[in-house]
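Comments concern the structure below.
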Amino acid sequence: MVSAHEGVNVGASYFPDVQLERFIPALREALTAEFGAGAFAADYFTQAHAAGLDVPDSTVAFLAGLVGGDYPTDLTYDSLFRHVNAFLQDQDSGPPGARVNPFTVVSDAAFALIGTMNLRMVERASYVAQNSRLSIGYSVGAASGVALARQEPEKRPLVFVGDGSFQETCQELSTQVRHGLRPVVFVLDNEGFYGIEQMLVHPCYYAENPSEGAEFYNNLHVWQYERLADVFGTDKHPMTGVSVRTHTDLETLLTRVTDRNDQINRGPILVRVLLDRRDYPRAMQYKIDENCR
């Protein structure tokens, strides 16, 4: 089932003029009638933990583990999004009902999507993702639409995109510079490697003692992404490029991003996130466990 274009697709059937504000409550009522209210009250983390799976013992424990805590020195996929999660939680301001989060998260496909799916979006925050078509690279262009469509002038796109995906559509940054848009684009650079494809085709590359090497077609030509700011930006229409490898680097950057007086915020910010080639979101661990015993 896909909800889009003011309607709902169910299999090959399309139902037009379906409003989500009416559809979602009706769907919940139908599911409750079919399966009982317990279907929504069940804690599936607790059930999975009791069955012996290596997961947190409750949903509360899972959510708590997504924010803050101690970070490793160098960034990983999981620690990056845990840090971003804590950052977004700190963006609440004002009394309940009147809070405004200054960012709209825009997620690309692949490892970026796996990381952003667990972000806890605070009140009046926004999240844009392409969960159906999974077109790689779309997020860079989508950020232009998000920035132009927002009514609040401080509502900035916070984009997460893999390096391979970014190479498909990087020129859209020129449009963003030209129109004075101010997205913050995080390019997840795992040493020029198409990680999600490797995980789906031969996940044993990521095992503790790998039995196979990487497929040659998953090796990307490595770019110095942060230097694209020198290509697209000008004195009149500035753009900033930075690279981050550690959580200290990331914290310094996020502090600057929230400082309205910092010149970095005059235009788009391109952030090259340096990650280890063999790192991966631990949500994909099951692929390794199932295939690499």
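Keeping the other protein chains in place, figure out the carbon and sulfur percent of the accessible area of the chain, with a 1.4 Å probe. The C+S portion of the solvent-accessible surface of the chain is 51 percent. Relative contact order for the chain: 16 percent, from Cα pairs under 8 Å spaced at least 6 residues apart, divided by residue count. Between region 187-222 and region 229-248, the C-alpha centres lie 27 angstrom from each other. Rounded to the nearest 0.05, what FRET efficiency do SER211 and ARG278 give with R0 = 22 Å and r taken as the Cβ-Cβ distance? Could you check? E(calc), rounded to 0.05, equals 0.95. Sites count as exposed loop sites when they are GluC sites (Glu not before Pro), lie in a DSSP loop, and have at most 15 other Cβ atoms within 10 angstrom; the longest stretch of the chain without one is 7-122.
3J(HN,Hα) couplings calculated from phi for region 158-163 with the Karplus curve 6.51 cos²θ - 1.76 cosθ + 1.60 (θ = phi - 60°) are, in sequence order, 10, 9, 10, 9, x, 5 Hz; Gly and Pro show x. For the chain, the calculated P(r), taken from all Cα-Cα distances in 10 Å bins from zero up to the bin holding the longest distance, is 6, 23, 33, 25, 12, 1, 0 percent. Taking only the Cα atoms of region 124-273, the ratio Rg/Rh comes out at 1.00, with Rh defined as the Kirkwood radius. Per residue, the chain exposes an accessible area of 55 Å² to a 1.4 Å probe, with every protein chain left in place.
The separation of region 12-39 from region 260-293, counted between C-alpha centres, amounts to 35 Å.
Couplings for region 193-205, taken from phi via the Karplus curve 6.51 cos²θ - 1.76 cosθ + 1.60 with θ = phi - 60°, read 9, 7, x, 5, 5, 4, 5, 6, 8, 9, x, 5, 4 Hz in order; Gly and Pro are left as x.
Placing +1 on each Lys and Arg Cβ and -1 on each Asp and Glu Cβ, with no other charges, gives the chain a dipole about its Cα centre of roughly 820 debye.
Within the chain, antiparallel bridges make up roughly 25 percent of the DSSP beta bridges whose residues both belong there.
The helix-based estimate of mean residue ellipticity at 222 nm for the chain, built from -39,500 (n - 2.57) per DSSP H run of four or more residues and divided by its residue count, is -10000 deg cm²/dmol to the nearest 500.
The values are calculated or read from the model by the stated rules, or taken from the named source; none is laboratory data. All of these numbers come straight from a predicted model, not from anything done at the bench. Cβ sites come from the backbone with ideal geometry, for glycine too, and all protein chains shown count toward neighbours. Protein only, heavy atoms only, side chains kept; ligands, DNA and RNA dropped before computing areas. Shrake-Rupley method; radii C 1.70, N 1.55, O 1.52, S 1.80 Å.
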